[in-house]
Amino acid sequence: MKSIDIGTLSARSGLPPSALRYYEEIGLIASESRHGLRRQFGPEALMRLSLIALGKTAGFTLPEIAGMLGRDGTPDLSRDDLRARAADLDRQIRNLTALRDTLQHVADCRAPSHMECPQFRRLLKIAARRGMTTARKPKAPRKPG
C-alpha cells in the first residue's frame, strides 16, 4: 500500500489533522515524507492509531501509550501493566454497577421522597466519604487527541 496524506489518514482514522500532527510531535506516529505541504504517512500509521485508540479506551495516557509502542511500530506491552489496568477496570465496573443498581432502586423507590429512602441515604453517606477522602487537584488542560 502506498503512502497516504494527512487528510486521508484523518478521514480513515476519524481524528482531526491537528491530533495527527500532535501525535507526530510527541512521537506516537511518524510521517514518511511530504507531498508539497501535506505530510505523507505509511499504511502502518492506521494500525498505530488503532493501538493508540485502544490504549486510550483502556485508560492509558498518551505518554504511557508511547512507552508501549516499539520503534518499529509493534506493541511492546508490559503484561504487569496490562494486568494492573485490567484490575483497575474491574474495580470501576464493580463501583459503577453498584451505583447503577442504587440509582435504579432510588428511581423505583416507593418512599415519599428520596431523603426518606434508606438506600439513597446510604448512597449519600458513601459519596460524602469518598468525596472527602479523594479530593483531587484540578486536571491540566488536555492536548488534542
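Residues that are closer than 23 Å to ILE4 by Cα and not in a strand (DSSP E or B) were ranked within region 55-77; the one that is modelled with the lowest pLDDT is GLY73.
The criterion of being part of a loop (DSSP other than H, G, I, E, B) and modelled with pLDDT under 85 does not hold for ARG122. Of note, ILE52 does not satisfy the criterion of being in a helix (DSSP H, G or I), surrounded by fewer than 12 Cβ atoms within 10 Å (Cβ to Cβ) and β-branched (Val, Ile, Thr).
Quick grid of which residues meet (1) without any contact (Cβ under 8 Å) to a residue 60 or more places away in the chain; (2) under 16 Å from LEU28 (Cα atoms); (3) surrounded by 12 or more Cβ atoms within 10 Å (Cβ to Cβ); (4) among the aromatic types (Phe, Trp, Tyr):
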position: ALA58; (1), (2), (3), (4): yes, no, yes, no
position: LEU62; (1), (2), (3), (4): no, yes, yes, no
position: ALA84; (1), (2), (3), (4): yes, no, no, no
position: ARG91; (1), (2), (3), (4): yes, no, no, no
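Just to be sure, is GLN104 surrounded by fewer than 12 Cβ atoms within 10 Å (Cβ to Cβ), modelled with pLDDT of 85 or more and within 21 Å of the chain's Cα centre (by Cα)? So GLN104 fails the test.
Looking only at residues of region 27-41 that are surrounded by 14 or more Cβ atoms within 10 Å (Cβ to Cβ) and either under 16 Å from the mean Cα position of the chain (by Cα) or modelled with pLDDT of 85 or more (or both), we find that the one that is nearest to THR8 (Cα to Cα) is PHE41. Here the condition is being touching a Lys or Arg at 6+ places or on another chain (Cβ under 9 Å), of a type outside the set (Asp, Glu) and within 27 Å of ARG83 (Cα to Cα); of LEU20, LEU28, LEU54, it holds for LEU28 alone. Checked against the criteria, GLN92 does not count as part of a strand (DSSP E or B) and on the phi < 0 side of the Ramachandran plot.
The values are calculated or read from the model by the stated rules, or taken from the named source; none is laboratory data. Please read these numbers as outputs of a predicted model, since none were measured by experiment. Cβ atoms come from the backbone with ideal geometry, glycine included; neighbour counts cover every protein chain shown.
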